[in-house]
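Reading through the structure tokens given below for one structure.
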Amino acid sequence: MSFVNANGIQLYYEERGTGQPLLLIMGITATCSVWENHVSFWEKHFRCILFDNRGVGASDKPEGPYTTAQMADDSAALLDELQVSSAAIVGVSMGGAIALQLAIRHPEKVEAMVLMCPWASCDRKGEAIFKHMMHAKAHLRPEQFANFIQLLIFHKSTWDNDTEYDGLLEGQNGAAFEAMPQPLHGLEGQAYACISHNVVDQLPRIESPSLVIGGKQDQFIPEWMAREVHNGIPNCDLHLYDNAGHAFHWEHLEDFNPRVLDWLNKNY
């Protein structure tokens with residue numbers, strides 16, 4: 001296992017592949033292992049750098065609350081420790097919010113960005129969802145909490161597919177035996193970062209080419225949030241999948257991986 005001291009904490013990271021660096025920033029509750037279906041494709045073309053955010057996995061889990069600015073500084077410090085002066089960034093959900101802060105706070109480090117289901121501001125409903133996530137974590141068994149997250153992120157088409165549904169049940173059962181479960185205070189720290197994130201007024205400062213990509217039926221981070229990011233960044237493309245939720249990148253995996261690769265090849 002590989003660790004670096006970055007921004008006052010210890011971060012766990014992995015490197016896969018060779019070529020130009022591609023930093024992958026994961027979303028709330030999840031470890032970098034969740035990138036597997038994507039990094040196994042992109043590592044054939046890039047030096048993929050993936051890591052556990054503060055508050056989860058093998059990285060340090062200090063008491064919160066955290067901020068997306070703080071977590072962007074974690075990412076910047078990781079790149080510095082790896083002697084990577086700049087990279088393309090792919091961030092999913094909370095990772096997309098962190099990527100926005102990285103481009104605002106450390107623009108010299110960001111060559112291009114793929115922002116998966118990102119947001120620039122959190123409304124009252126969004127805040128309520130993140131707070132309910134904290135309450136659910138505190139009161140549900142791990143398999144029940146996993147089921148709650150699945151309800152947030154997967155589209156009806158996934159639930160209706162027998163094979164995919166079996167995978168959802170397997171994921172719930174696996175959560176009960178997770179080797180390194182996220183502690184409640186780690187989730188709370190990340191959730192507060194998500195709630196307090198607001199960079200709407202700073203989006204026009206972002207100069208790196210960007211792609212906002214998501215699902216039209218995302219009930220966790222809805223379409224208006226993705227469009228707010230897209231409309232605010234001067235040089236920004238947009239692609240929203242039909243019949244897809246927050247987990248659009250798994251629900252449309254065969255299109256998503258090469259689409260991102262093609263965009264990066266044109267813009268990085």
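Any read-out appearing in this document is the output of simple, stated calculations on the displayed coordinates, not a laboratory observation. No experiment lies behind these values; they were computed from the predicted model shown. Cβ atoms come from the backbone with ideal geometry, glycine included; neighbour counts cover every protein chain shown.
For region 45-144, would you read off the P(r) tail past 22 Å as a percentage of all alpha carbon pairs? Summing the P(r) tail past 22 Å for region 45-144 gives 36 percent.
For the pair PHE3 and HIS45, what calculated FRET efficiency results from E = 1/(1 + (r/R0)^6), where r is the Cβ-Cβ distance and R0 = 22 Å, to the nearest 0.05? It would help to have the intermediate numbers written out before the result.
Values: r = 26 Å, r/R0 = 1.19.
For R0 = 22 Å, the calculated efficiency reads 0.25.
Each of ARG227 and GLU207 was given a label point 7 Å from its Cα along the Cα-to-Cβ line. The distance between the two points is 3.0 nm. A simple spin-label model places the labels of SER33 and SER196 3.0 nm from each other, with each point 7 Å out along Cα-to-Cβ.
Each residue, GLU254 and GLU164, gets one label point 7 Å from its Cα in the Cβ direction; the gap between the two is 1.3 nm. Each Lys and Arg contributes +1 and each Asp and Glu -1, all at the Cβ; summed about the Cα centre of the chain, the dipole is approximately 480 debye. The tail of the calculated P(r) for region 60-115, taken as Cα-Cα distances beyond 13 Å, holds 57 percent of the pairs. The packing ranking, built from the mean of other Cβ atoms within 10 Å per residue, places the peptides 138-149, 229-240, 167-178, 113-124 in the order 113-124, 229-240, 138-149, 167-178, highest first.
Among 18-29, 154-165, the peptide with the highest mean count of other Cβ atoms within 10 Å heads the list, and the full ranking is 18-29, 154-165. A convex hull fitted around the alpha carbon atoms of region 184-249 yields 107 Å³ per residue. Hydrodynamic estimate: the Kirkwood radius of region 168-221 over Cα pairs, inserted into Stokes-Einstein at 25 °C and 0.890 mPa s, corresponds to D of 161 µm²/s. With all projection directions averaged, the alpha carbon convex hull of region 1-69 covers 4.8 nm².
Could you tell me how many cubic angstrom of Cα convex hull volume the chain has per residue?
112 Å³
Determine the distance separating the Cα centre of region 183-247 from the Cα centre of region 24-44; give it in Å without decimals. Taking the Cα centre of region 24-44 as reference, the centre of region 183-247 is 17 Å away. Counting lysine pairs in region 2-267 whose alpha carbons fall under 18 angstrom apart, excluding pairs fewer than 8 residues apart on the same chain, gives 4. Rg over Rh for region 86-188 works out to 1.04, both radii taken from alpha-carbon positions and Rh defined as the Kirkwood radius. For region 116-268, rounded, prolate or oblate, judged on the Cα gyration tensor with a ≥ b ≥ c (square roots of eigenvalues), a/c < 1.5 rounded, else prolate if a/b > b/c? Judged from the Cα gyration tensor, region 116-268 comes out oblate (a/c at least 1.5, b/c at or above a/b).
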